[in-house]
Amino acid sequence: MFFYRGFPAGSCLSVAAPVMPEDSAADTLLLVDPDLDFLDWASKHLAAANLRVLRCDNAANALKVVEKHPVALVVAALELEPFDGMELLARVLQQSPQTLVILTAGFPTTGQIIEATQHGAHDVLRKEALAFELRPIVESALQTRDERRNADQPVSELPKHDGRVKMIGVSRAIQEVFKRVGRVARNDAPVLIVGESGTGKELVAKALHEYSPRRQKEMITINCGAIPENLLESELFGHEKGSFTGAIARRAGRFEQADGGTLFLDEIGDMPLTIQVKLLRVLQDGSFSRVGANETLSTDARIIAATHKNLTDEVAAGRFREDLYYRLNVVEIRIPPLRERPEDIPLLAEFFLQRITKKNGMARIRLSAEAINTLQTHHWPGNVRELENTIARACALASSNILLPGDIPLASAPGNSPAFLATAIDQLINAAPTGGDLLAWVAGEVAGRVLERADGDLKEASIALNVPAAELRKLLSRKA
């Protein structure tokens, strides 16, 4: 039974044969869910003067409604009888391409989100969040339904499970990434993946490849920052025998190897300018030459690039070509840092726990609620990679099968890192008294701390703060 906190359960009336309301001018929304209490709640929750709501408890009856009446929006569960929500989505869009479809599930998997998006779903929602998200998302969908393009034809033989791509998350932020992957994976437009180190940019690149028509070919990965400049050109484009010292045989480069597949250029922001010029040529016309060769070759490789740097700043500083930036950044996918999606931390931690204990033949280890809270309140400057390493250390040092907060070996961020400063500022704000002048209080606290570090020497403290001694006295008086 589906339950919403704060909302009373509705009566379980049969809704197998819905009846059309008389107001034919209103937009029609069709709810499809086997849970009658949910149908009752959602019907009342979405009631509006310009919206008529129909209800079905199975997919077959829902399809009959769409065949007989114009339906603007369908909100359907993924788990339905006699066929599931994914099949209902395909049949609805085949029957009525202009109809928007939103799918719901308790915990939609990464594969379900990507496949549903690729097959034309407007959105995929967690049922737990519907009490807060359903109405605004329905209203937004109805506002934009006239601008929606006809659904694309689904790609055949897509992966039917999540095993090939380990992307995990239930937060709205990371699910938006999944949906963006679903929208752009099928075409060959270059994609630039941006995000802090450790956020999982390579996993997103793998998902783009695995859910693309190129998935039968290989995805070739090269880290542009890990290869010396004098070798990077050869790695990318290959070389002829004798073209340089050590070139004892002809060698195919990454662009040749990735022909028909995908080439993932990781840390593209670290690529030297001399190589950027040659990369630009490949992006423009698909042609290149091996080092030491006059022959021009061509490649049909889909380019995906990733960086933790701000490339617009790199362009402004003259370290990255502006024309190359615009060639690469046709579609941008931003991976949110872990601190922006704390609701994903328990799932990720459990995933790493299971993988580590299974790999090492260990007994099952679980996290206490307090330990989970500790993980969720950490700033995670190293993002998902840091979380994985933290769980691995906790497992290695575990003295029990239950991890407590003291068993979580959290690393401290460097004192000059943005993550450290953000955490410090948050702590300072949380410690401030309510109802006063926050900026004056913070200034007074900083002044007092600097004076302490100067061993009470007012002149030394005023020099350190770069303020006159009289101004420092005022700051200290505010602290008092």
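Here is how the numbers come out for the structure above:
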quantity	calculated
Accessible surface of region 246-338 [probe 1.4 Å, protein heavy atoms]: carbon and sulfur percent	44 percent
Extension gain, Phe107 back to Asn187 (0.36 nm per residue minus Cα-Cα distance, nm)	26.0 nm
Those lysines that a straight Cα-Cα span of less than 22 Å connects to Lys241, excepting residues fewer than 8 apart in one chain	Lys278
Check: region 50-95 dipole with +1 on Lys, Arg Cβ and -1 on Asp, Glu Cβ, in debye	320 debye
Pair Ala469, Asp84: separation of 7 Å Cα→Cβ label points (nm)	7.7 nm
Peptide ranges 39-47, 271-279, 393-401 listed from the most packed, as the mean C-beta count within 10 angstrom indicates	39-47, 271-279, 393-401
Check: region 202-270 dipole with +1 on Lys, Arg Cβ and -1 on Asp, Glu Cβ, in debye	360 debye
Out-of-range pairs (alpha-carbon distance over 19 Å; input Lys166/Lys359; Lys44/Lys127; Lys68/Lys127; Lys127/Lys206; Lys179/Lys201; Lys64/Lys127)	Lys68/Lys127; Lys127/Lys206; Lys64/Lys127
Within straight-line cross-link reach of Lys474, lysines at Cα separation under 26 Å, skipping those fewer than 8 residues along the same chain	Lys459
Over the chain: helical MRE at 222 nm, DSSP H runs n ≥ 4 each giving -39500 (n - 2.57), nearest 500	-13000 deg cm²/dmol
Residues in region 318-348 that a label on Met362 would reach, taking backbone N under 18 Å of a point 7 Å out along Cα→Cβ	346-348
Where labels lie 7 Å past Cα in the beta-carbon direction, separation of Ile248 and Ala424 in nm	5.4 nm
FRET efficiency for Glu133 and Glu340, using Cβ-Cβ distance with R0 set to 22 Å, rounded to 0.05	0.80
Difference of contour (0.36 nm per residue) and Cα-Cα distance, Asn223 to Gln284	19.8 nm
Relative contact order (%) - the chain, alpha-carbon pairs under 8 angstrom, separation at least six	10 percent
Solvent-accessible area per residue for the chain (1.4 angstrom probe, square angstrom)	51 Å²
Beta bridge orientation in the chain: antiparallel %, DSSP, nearest 5	10 percent
Charge-dipole axis of the chain as Lys and Arg at +1 and Asp and Glu at -1 on Cβ define it, positive-most pick from Gly269, Asn310, Ser96	Gly269
Qualifying GluC sites (Glu not before Pro) in region 160-236, DSSP loop, other Cβ atoms within 10 Å at most 16	Glu218
Gained length - Asp437 relative to Glu295, 0.36 nm times residue gap less alpha-carbon distance	44.0 nm
Alpha-carbon centroids, region 230-299 and region 57-71: separation in whole Å	55 Å
Only Lys, Arg (+1) and Asp, Glu (-1) charged, at Cβ; the chain dipole about Cα centre in debye	600 debye
Region 224-332, relative contact order [Cα under 8 Å, separation at least 6], %	29 percent
Gyration tensor (alpha-carbon) shape descriptor, region 170-298, a/c threshold 1.5	prolate
Carbon and sulfur %, accessible surface of region 439-480 computed with the full protein complex present, 1.4 Å	52 percent
Overall form of region 317-408 per C-alpha gyration tensor (a/c, 1.5; a/b vs b/c)	prolate
Among beta bridges that DSSP assigns inside region 224-348, antiparallel share in %, nearest 5	45 percent
Ranked packing of 380-387, 243-250, most packed first, by mean Cβ within 10 Å	380-387, 243-250
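The values are calculated or read from the model by the stated rules, or taken from the named source; none is laboratory data. Please read all numbers here as calculations on a predicted model, not as lab measurements. We place every Cβ from the backbone using ideal geometry, glycine too, and count neighbours over all the protein chains shown. Ligands, DNA and RNA are stripped out before the accessible areas are found, and what is left, the full protein with its side chains, is counted by its heavy atoms. Shrake-Rupley method; radii C 1.70, N 1.55, O 1.52, S 1.80 Å.
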